[in-house]
Structure formats: C-alpha cells, structure tokens
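Right, one structure below, let's go through it.
The values are calculated or read from the model by the stated rules, or taken from the named source; none is laboratory data. Remember, predicted model here, so these are calculated numbers, not experimental data. FYI the Cβ positions are ideal-geometry reconstructions off the backbone, even for glycines, and counts take in every protein chain you see. For accessibility, only protein heavy atoms count, side chains too; no ligands or nucleic acids. Shrake-Rupley method; radii C 1.70, N 1.55, O 1.52, S 1.80 Å.
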Amino acid sequence: MALANGNILFGNGNGTFGTPVSSYPPGGSIQTADSNNDGIPDLALTTSTGVEVMLGNGDGTFGSPIDFPLTFAPSAIAVSDFNRDGKLDIAVGAGTANLSDILILLGNGDGTFQLAPGYFLADNYVNGDNIAAVDVNGDGYPDIVTGSAALLLNRPMSAVATVLPKALNFGNLGVGDEQTENTTFFNVSQIKVTISSVKLGGSNAGDFSVNNGCGSSVDSGNQCVIGVTFTPGAEGSRSASLTITDSDAGSPHVVALTGVGTGLGLVLPSGSSGSATVSAGQTAKYVLSIGGTEFNGNASLNCTGAPMNATCSLPSSVQVNGAKATQFNVSVSTTAPTTGMIVPQRFKPWPWLWAAAIVGMLILPRAGYNRRALRRIARGLPLGFILMISSCSGSVGGGAGGNGGTPTGGNGGTPAGTYTVTVTATSGTLQESVQLKLTVQ
C-alpha cells in the first residue's frame, strides 16, 4: 500500500501489513499504475509544481522521480487509458483561482508523458476535489467523475459512437402481432459520425423490421433513435441481430434481438391420427390439442367441410392454457342410405262396371237371334276385355307407370368419397387451423 507520506506498507497476505518503509518523497494525491508496461507497479503523485512519476523496481522500492512541471499545484490525479492507445495516461485536476479544468497527460508507454489539449472542460471543478476515471456511458472510453458530483464525458477528436441498449428482448408476442422497441445511437466524440448501413441479420430476420431515425450521419454530441419492430411469423423463440456500420473505430455495432412468438397451439397431438375411414352411417372420431405455447385465454372452435348428410361435432370454445396443452374431441357423424318403396292405390271399380253394362246392353240382346253370331261374339270378348282394361288403367294408377301405386322418397345417405374437414380455433387476431381427412365408403 502506497501512502501520501512516502511510505509503503507491504502486505502480509492475511489482511495485515508490515512496518512502513519510506520509499519516495511525500506528496499529495497518489496513484499506482504500470506506466511503462513492464508488469511492475509504478507511482504517480502530485507535487507543489506538477506531477512526478516513479518507476517501480519490483522490490518495493522506486527509481528517481520523473517530473512533469505544470506551473501550479494539482489538486488530484486519476490514471487510465483515456485515448485507448494501450498506454496509461494521467488526468490532472487543475483547480486554482484562474484555472478550473481537467488536464490530460498522455502516456508514451515508457513512463514518460506529454501534455494533451484539455478536451475535458470542467468549469465547475473545485480545487481539492478528488477525481476518478470510470466509463460512465459504456462507450469504452474512460470518463471522469469529480468529488463535487461533476461528470465529464470523454469525447476524443476521433469518431467515437456507441449504441444502448445492446440487446432488445420483446418477450412473448402473439403470431402476427407487432411490438416496437428502440435502441439509441450516441455520438460521444467531437466530430460528426457517418452511418453507412443499418441492417438486420440472423435466422429470423424476417420477423423484424427497422425504422432508422438516424439518417446517414449524427453530429458531435448528438444522439438518435433506431426503432425495431417485432412481428413473429411463427410460434417459438425468434432471434436476429441489428448491425449498424459507421465511421467510428468501434464499428460495427451489433444489437441482439430476441422474442417469442406465441400462438394457440392447435395441433394433432402425438399418437393421434388426422385421417379416418368409415362406412356411411358410422362416426369418424379425432383428437386434437390446443395450448402450451405461452398464450392464455379463450378460443372459439369451428368445423367446416363435412360432406352432405354428415354432421361435425366439437366444443364451441375452449380455455387455452399457455403452460400445458389440452385435448378435445372432434367427431363427424355420417348417414346410411335408405331405399324408396311403392305404395298401391285403392282400387276404383266404377269404370269397370260402366264398361260391363255397356257391353251387355249392346251385345247380349243380339246374341239371342243367331248362334253363329253368338260364337263370333264369344271369340271377340277376350279382345274387348283387354281393350277395356287398357282404357281403364289410367284411372287405376297411371301415375305409378302402370304399377298401380305411388313411390315414396328414399335417402341416399352420405355420399362415398374423400373429404377434408377443417377445424379452426380463433382468439382475437390469432387464428389457427388443422385439416382432417375423412373417407366415406
């Protein structure tokens, strides 16, 4: 442990320290860091005229001080790689009556430093404040926080940008529904950053769309919003990535996109057949399941495509459980054919009686005069009766085609063939269907 009074306390490895050893001149604010990249901690401390660095020897002692005069007494220092060149730099709190600023000493990588332009303007820096280096905005560049609650963002002269958040999770969303989330592009440098492309990629990139609110460039210190809309095209986990390519050194910036498409989960469960063969008059039975896809709510059920003289039966609605699938039955009842029959009409004797009377009145009186005529009449009677019967048949039942009866209507039943029966589940904007095969013999 290095103390401002110039002493080093060597650790005992158990949380205690040994006797103080004087190793360097007393100073003000002190920091330890490997300023020459040799793997041995060095010291950086403030003096009454600037900053001095003492390179470590690796045994708890240090070399001769290397002075960096600043013509004033710094209040505090912080060590970090402020320009991200792989070499540690020193931030110096310059709080005096005429100077309220943060100066940067850029490291050369060998334990020496050079004064850089003060691009941390801190008019509210108070003399005596401590300072700390920390990446506050996540752009990879160390920023500075002062003891008086001032925040100084590191904006180097080269193009530097960042995107926050770096991941967008849309959660569960119904298939076909839309949800938009935003990510913000920050230009944290002092020059304009140009954007060459904003693209989607990944296995489910088609489920996402982008609204680029940044255009082709972002001015220094400005920010803009890029909107991403998630429209799941199928059930289950969906993922993609948003890649922003621009002129800064950290390009491209990639934002992970994830979401889950939820649906009603209307399917044929494992072991259930979607095809049935029956004879006309029998009932085809199917088993379907719904749910288990993160969606919870009520869904109405509908069945279409049943053949003529057949009826499809299923529940009118079902409560969908997003955590567990529920089974329900579907049945299609067919109808057997029936045969038509002929019902005889009641016999009407009146035309026959009139015909017989006329024959008797015309023929029989003549028969008494001549036996020969009687024989001729006898031979002609059969033909006369046949003609008489034919003439009267229309009054007996001509509507039945000469069969003396009237046909009754028969039922052909459910026609033989192969049919597609569709079961549809609907809940709000969600709608799913399953097709079932029905063969009637």
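Some notes on this structure:
- Elements of type strands (runs of 3 or more DSSP E) in the stretch 289-333, at least 1 residues being within 29 Å of residue 417 (Cα to Cα): 297-304, 310-313
- Of the set (1) out of contact with any Cys (no Cβ under 9 Å at 6 or more places or on another chain); (2) more than 18 Å from residue 138 (Cα to Cα); (3) surrounded by fewer than 19 Cβ atoms within 10 Å (Cβ to Cβ); (4) of a type outside the set (Asp, Glu), all apply to residue 213 but (1).
- Residue ID - farthest from residue 241 (Cα to Cα), chosen from residues in the stretch 190-220 that are touching a Phe, Trp or Tyr at 6+ places or on another chain (Cβ under 9 Å) and part of a loop (DSSP other than H, G, I, E, B): 190
- Single residue of the stretch 50-61 satisfying the filter (open to solvent by 40 Å² or more (accessible area, probe 1.4 Å) and either in contact (Cβ under 8 Å) with a residue 12 or more places away in the chain or in contact with a strand residue (DSSP E or B) (Cβ under 7 Å, 6 or more places away or on another chain) (or both)) that is nearest to residue 114 (Cα to Cα): 55
This table checks each residue for (1) within 19 Å of residue 68 (Cβ to Cβ); (2) modelled with pLDDT of 70 or more.
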| position | (1), (2) |
| --- | --- |
| 105 | yes, yes |
| 111 | yes, yes |
| 119 | yes, no |
| 126 | no, no |
| 130 | no, yes |
| 141 | no, yes |
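- Residue in the stretch 24-35 that is modelled with pLDDT of 75 or more, surrounded by 17 or more Cβ atoms within 10 Å (Cβ to Cβ) and of a type in the set (D, E, K, R) present: no
- When the stretch 242-259 is filtered for residues that are open to solvent by less than 30 Å² (accessible area, probe 1.4 Å) and under 19 Å from residue 185 (Cα atoms), the ones remaining, listed by number, are 242, 244, 246, 248, 253, 255, 257.
- Residue in the stretch 53-70 that is touching a Gly at 6+ places or on another chain (Cβ under 9 Å), aliphatic (A, V, I, L, M), more than 20 Å from residue 132 (Cα to Cα) and not in a loop (DSSP other than H, G, I, E, B) present: yes
- Positions within the stretch 260-288 being open to solvent by less than 50 Å² (accessible area, probe 1.4 Å), of a type in the set (A, V, I, L, M, F, W, C) and in a loop (DSSP other than H, G, I, E, B), in sequence order: 264, 266, 280
- Residue pairs whose Cβ atoms lie under 8 Å apart, sitting 6 or more positions apart in sequence or on different chains, and linking a residue in the stretch 106-129 that is part of a strand (DSSP E or B) to a partner that is basic (Lys, Arg) and at pLDDT 75 or above, are 106/87; 107/87.
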